[in-house]
Amino acid sequence: MNSAWQQWLQSAGAKIEDGRVGSFGDAKAELEAAGAGDVLADLSHLGALEFTGDDSEAFLQAQLTCDVHAIEPNSSSLGSYCTPKGRMLASFLLWRIEGGFRMALSRGIVPAVHKRLKMYVLRSKVQIAEVSDRVVLLGVSGAGAARALAPVSAGLPQRTREVASLAGGGSLIAVPEARFVLSIPVEAAAGIWTALASMLRPVGTPCWEWLDIRAGVPLITEKTQEQFLPQMANLELIGGVSFKKGCFPGQEVVARTQHLGRVKRRMFLARLDDAGEVVPAPGDDIFSDDIPGQASGMVVNAQPAPEGGYELLAVLQLSSRDGSAVHVGSAGGPVLRFLDLPYPVS
């Protein structure tokens with residue numbers, strides 16, 4: 001997080017924990033507001049990469065699972081970056097900016113992804129820069145979001161993945177479940193935050209992470225890199241994989257998995273009503289009674305829920321989801337109760 005922006009947030013009441021906004025003083029009430037009200041969050045768990053140059057579109061088209069050619073100036077896409085074996089190194093949100101593209105992904109993996117992508121630039125006319133300290137990402141959610149955004153936006157996106165320009169520069173992106181992400185220059189952040197905070201409740205970053213979990217949008221972090229094929233994390237179900245675009249790292253594996261038929265492992269939304277002393281986290285093993293003696297899946301993301309307990313996204317065998325008790329952390333750990341995702345999974 002940009003140090004000047006961090007200091008400004010602290011002056012506005014933010015409690016900074018591990019480089020992100022933990023809360024604005026009442027984490028429980030903020031989480032309840034995220035579930036039922038109109039909220040504003042600093043997305044300090046995300047970082048940003050910028051791709052510019054004449055060949056930036058062609059370069060990204062050859063590296064990413066999404067169809068970069070199909071991203072219009074007023075649109076965006078979810079996607080992933082994979083190893084040659086088809087395992088995800090990153091999941092992201094990608095949109096156009098003047099002269100190129102901007103990508104939002106887990107802040108902890110930005111340096112490694114940046115370094116790896118630069119290895120493949122070769123003679124292409126593309127420049128890749130980490131801009132995490134020059135760009136502030138904010139999240140807005142709730143029925144009052146459109147009214148709050150009207151004074152700071154040149155227009156309001158009407159459909160998921162649509163992008164509009166912000167009045168002071170930057171982008172406003174509609175994301176799943178009627179929410180919005182703002183990408184703004186750090187020097188404009190305080191003014192926009194102040195305008196939005198007059199109509200929306202500021203909340204900690206974990207509240208937005210919980211909203212992403214509820215929306216079924218996975219975020220690959222350090223603990224889950226190279227663990228999942230895109231289909232295991234439902235990425236093709238939410239528009240993050242194109243099977244018509246041509247080659248990208250891991251494309252052969254990803255395409256073969258798709259054309260073989262039903263994927264054996266999928267990502268599901270689940271709840272821990274009584275976690276006891278267990279605090280679920282990305283990378284934790286999942287165990288199921290139908291596959292004794294070994295882990296059968298993994299936690300992708302997890303956060304406290306407004307009603308208490310935890311909600312999480314977990315990848316596991318479809319057979320375990322359909323007909324077995326499923327535990328977190330160990331074979332005798334707390335049992336998951338599965339919830340419906342906002343999109344069909346089969």
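Couple of notes before you dig in:
- Residue tally, condition under 18 Å from residue 84 (Cβ atoms), open to solvent by 10 Å² or more (accessible area, probe 1.4 Å) and touching a strand residue (DSSP E or B) at 6+ places or on another chain (Cβ under 6 Å), over segment 209-226: 1
- Residues being within 25 Å of residue 214 (Cα to Cα), assigned to a loop (DSSP other than H, G, I, E, B) and touching a helix residue (DSSP H, G or I) at 6+ places or on another chain (Cβ under 8 Å) - total across segment 148-187: 4
- When 263, 278 are screened for being within 28 Å of residue 71 (Cα to Cα) and at pLDDT below 90, only 263 passes.
- Test: residue in segment 55-69 that is buried (at least 16 other Cβ atoms within 10 Å of the Cβ), more than 18 Å from the chain's Cα centre (by Cα), in a strand (DSSP E or B) and of a type outside the set (A, V, I, L, M): no
- Given (1) out of contact with any helix residue (DSSP H, G or I) (no Cβ under 9 Å at 6 or more places or on another chain); (2) in contact (Cβ under 8 Å) with a residue 40 or more places away in the chain; (3) under 26 Å from residue 106 (Cβ atoms), number of the condition residue 315 does not satisfy: (1)
- Here residue 315 clears all of (1) in a loop (DSSP other than H, G, I, E, B); (2) touching a Pro at 6+ places or on another chain (Cβ under 9 Å) except the condition numbered (1).
- Number of positions in segment 115-142 that are open to solvent by less than 40 Å² (accessible area, probe 1.4 Å) and under 24 Å from residue 212 (Cβ atoms): 11
Quick grid of which residues meet (1) touching a Pro at 6+ places or on another chain (Cβ under 9 Å); (2) free of Cβ contacts under 8 Å to residues at least 40 places away in the same chain; (3) more than 18 Å from residue 270 (Cβ to Cβ):
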residue	(1), (2), (3)
204	no, no, yes
213	no, no, no
216	yes, no, no
220	yes, no, yes
231	no, yes, yes
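Condition check ((1) under 20 Å from residue 136 (Cα atoms); (2) aliphatic (A, V, I, L, M); (3) in contact (Cβ under 8 Å) with a residue 60 or more places away in the chain) across all residues:
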{"site": "44", "(1), (2), (3)": "yes, no, yes"}
{"site": "55", "(1), (2), (3)": "no, no, yes"}
{"site": "100", "(1), (2), (3)": "yes, no, no"}
{"site": "109", "(1), (2), (3)": "yes, yes, yes"}
{"site": "114", "(1), (2), (3)": "yes, no, yes"}
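- Of the criteria (1) touching a helix residue (DSSP H, G or I) at 6+ places or on another chain (Cβ under 6 Å); (2) at pLDDT 95 or above; (3) of a type in the set (S, T, N, Q), which one residue 194 fails: (1)
- For segment 250-278, a tally of residues being open to solvent by less than 40 Å² (accessible area, probe 1.4 Å) and part of a strand (DSSP E or B) returns 7.
- Residue within segment 234-249 that is of a type in the set (Lys, Arg), assigned to a helix (DSSP H, G or I) and farther than 17 Å from residue 90 by Cβ present: no
- Test set (1) closer than 27 Å to residue 81 by Cβ; (2) part of a helix (DSSP H, G or I); (3) open to solvent by less than 60 Å² (accessible area, probe 1.4 Å) - residue 111 fails condition number: (3)
- Residues of segment 283-302 satisfying the condition of being open to solvent by 30 Å² or more (accessible area, probe 1.4 Å) and within 25 Å of residue 22 (Cβ to Cβ): 284
- Counting the residues of segment 172-194 that are crowded, with 20+ Cβ neighbours inside 10 Å and either over 17 Å from residue 146 (Cα atoms) or more than 17 Å from the chain's Cα centre (by Cα) (or both) gives 4.
- Residue list for segment 55-74, filter: over 18 Å from residue 244 (Cα atoms) and at pLDDT 95 or above: 55, 56
- Boolean, residue 145 is open to solvent by less than 50 Å² (accessible area, probe 1.4 Å) and at pLDDT below 95: yes
The values are calculated or read from the model by the stated rules, or taken from the named source; none is laboratory data. Since we're looking at a predicted model, the values are computed, not measured. As a convention, Cβ positions derive from the backbone with ideal geometry for all residues, glycine included, and neighbour counts pool all protein chains shown. Remember, those area values only see protein heavy atoms, side chains included, never the ligands or the DNA or RNA. Shrake-Rupley method; radii C 1.70, N 1.55, O 1.52, S 1.80 Å.
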